[in-house]
Amino acid sequence: MSGRKILSLLIWVPLLFVSCHKPAGSIQVDFSFAVDGAPLVQNSCCYVNAAGNRYEVTEAQYFVSNIILTRTDGTQTLISSDHGAHYVDADIATTLSWLPTDEIPEGEYKTITFTFGLAPELNHSYFYTDAPENAMSWPANLGGGYHYMKINGWWIDENGTRKPFNLHTGIGQQRDEQGETTGFIDNSFSVTLPLNNFSVTGNCLSKLQIEMDINRWFDNPYLFDFNIFGGSIMQNQEAQEVLRANGCDVFRAL
């Protein structure tokens, strides 16, 4: 082989590797809770929702799954996570900051999309064996799998009585005229949030924050009144549907 051909190969090979390299960076997603835009204060009375219910929050927990970032050019990146979902708990600091192991392609990103709760293909009983996620299990007779969300606390009813509430969402039940369960309903839903000036750059950590405003579960587009729905809704599909509709306006990316 001539010296000229050897030199040509030596030049061509490195260029091949450079042309196949796709610059990428990493991201950190921080989760937070708020009420009317101010940070949530747990075990503190009283917040007031649009129905005039006074309430306090003792616990707040939820799952997100199928998390996708979309660039301004329309290309999408699915962010992997343990078991395909991420668990968020107001009382466990380590769940409030998530560092995916994926390398995220460089570029400007316009939206983040996720399933609130567990997508059906992930929502199977005994999927989680360890705490704290396994404490989110949903009763088998109600459809099995796991809660999408638990917000627990206290509310003051129209008679001034302090009562517990468990704002729990998950699989719903179809019932016949006799009240017997005839089928189950997936109450998870998709959320897409706009991102402002969010970019990923190689060798840099890009951060974004996803905030849940708890008061927004109660007012748009439907009014949620504890005096009507009561404090326990796991078997109340009407209440589940109200929260599913209202949930699209609960989150924002900061």
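The values are calculated or read from the model by the stated rules, or taken from the named source; none is laboratory data. The shown structure was predicted, so the numbers you read here are calculated from the model rather than taken from an experiment. Neighbour counts run over all protein chains shown; Cβ positions are idealised from the backbone, glycine included. Remember, those area values only see protein heavy atoms, side chains included, never the ligands or the DNA or RNA. Shrake-Rupley method; radii C 1.70, N 1.55, O 1.52, S 1.80 Å.
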Practice item. Please tell me the relative contact order of the chain in percent, rounded to the nearest whole number, where contacts are Cα pairs under 8 Å and at least six residues apart. Key: 25 percent
**Study point:** Selection from Asn49, Tyr126, Ser190 lying farthest towards where the dipole of the chain points positive, charges on Cβ
**Key:** Ser190
Practice item. Might you report the magnitude of the Cβ-based charge dipole of the chain about its Cα centre, with Lys and Arg at +1 and Asp and Glu at -1, to the nearest 20 debye? Key: 1060 debye
Review point. Remind me, relative contact order of the stretch 25-102 in percent, using alpha carbon pairs under 8 angstrom and six or more residues apart?
Key: 34 percent
Point to revise | Ordering of 117-126, 164-173, 43-52, 98-107 by packing [mean C-beta count within 10 Å, highest first] | key: 164-173, 117-126, 98-107, 43-52
Study note, to complete from the structure: For the chain, the charge dipole (Cβ of Lys, Arg +1; Cβ of Asp, Glu -1; about the Cα centre) points to a positive end, and the Cα of Val200, Gln235, Trp154 closest to that extreme belongs to Val200
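Report in % the part of the accessible area of the chain that belongs to carbon and sulfur, leaving out ligands and nucleic acids; probe 1.4 Å. If you can, show how the numbers build up before the last one.
Details: 6740 of 13060 Å².
So the carbon and sulfur contribution to the accessible surface is 52 percent.
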Check your understanding: Taking θ as phi - 60°, what are the ³J(HN,Hα) couplings along the stretch 209-218 by the Karplus curve (6.51, -1.76, 1.60), each to the nearest whole Hz, with x for Gly and Pro?
Key -> 10, 10, 10, 9, 9, 4, 5, 6, 5, 9
**Study point:** Largest-first principal axis extents of the Cα set of the stretch 194-254 (Å)
**Key:** 52, 19, 14
Review point. So what J values fall out for the stretch 56-67 if you push phi through Karplus, 6.51 cos²θ - 1.76 cosθ + 1.60 with θ = phi - 60°, rounded to Hz, Gly and Pro as x?
Key: 9, 10, 9, 9, 8, 8, 6, 10, 10, 9, 6, 8
**Study point:** Environment charge of Val35, counting only residues whose C-beta is closer than 15 Å and scoring Lys/Arg +1, Asp/Glu -1
**Key:** -4
Revision key, fill the gap. Per the Cα gyration tensor, the stretch 107-254 corresponds to an equivalent ellipsoid with semi-axes, largest first in Å, of 31, 21, 15
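Peptides 211-222, 75-86, 193-204: what's the order by average Cβ count within 10 Å, highest mean first?
In decreasing order of mean packing, 211-222, 75-86, 193-204 become 211-222, 75-86, 193-204.
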Exercise for review: Could you tally the net charge around Ile210, taking each other residue with its Cβ under 13 Å from the Cβ of Ile210, Lys/Arg +1 and Asp/Glu -1?
Suggested key: -1
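Helix-only mean residue ellipticity at 222 nm, the chain, DSSP H runs n ≥ 4 weighted -39,500 (n - 2.57), per residue, nearest 500. What is it?
-4000 deg cm²/dmol
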Check your understanding: How much accessible area per residue does the chain have, in Å², with a 1.4 Å probe?
Key -> 51 Å²
Study note, to complete from the structure: The answer for Tyr146, listing residues at least 5 apart or on another chain whose modeled amide H is closer than 5 Å to its amide H, is Trp138
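Under a Cβ-only charge scheme (Lys and Arg +1, Asp and Glu -1), can you give me the dipole magnitude of the stretch 122-204 about the Cα centre, in debye to the nearest 20?
On the way: 4 positive and 8 negative charges, 61 e Å.
For the stretch 122-204, the charge dipole is close to 300 debye.
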Review point. Taking Cα atoms, how many degrees apart are the long axis of helix 237-246 and the longest axis of the chain, rounded to 10 and kept between 0 and 90?
Key: 50 degrees
Check your understanding: Taking a quarter of the surface of the convex hull around the Cα atoms of the chain, what do you get in nm²?
Key -> 18.7 nm²
Practice item. Return the sequence-ordered ³J(HN,Hα) values of the stretch 172-185 in whole Hz as given by the Karplus equation 6.51 cos²θ - 1.76 cosθ + 1.60 applied to θ = phi - 60°, using x for Gly and Pro. Key: x, 10, 8, 10, 8, 5, 8, x, 7, 6, 10, x, 10, 10
Check your understanding: What is the helix-to-structure angle for 3-20, meaning the angle in degrees between its Cα long axis and the longest Cα principal axis of the chain, kept from 0 to 90 and rounded to the nearest 10?
Key -> 10 degrees
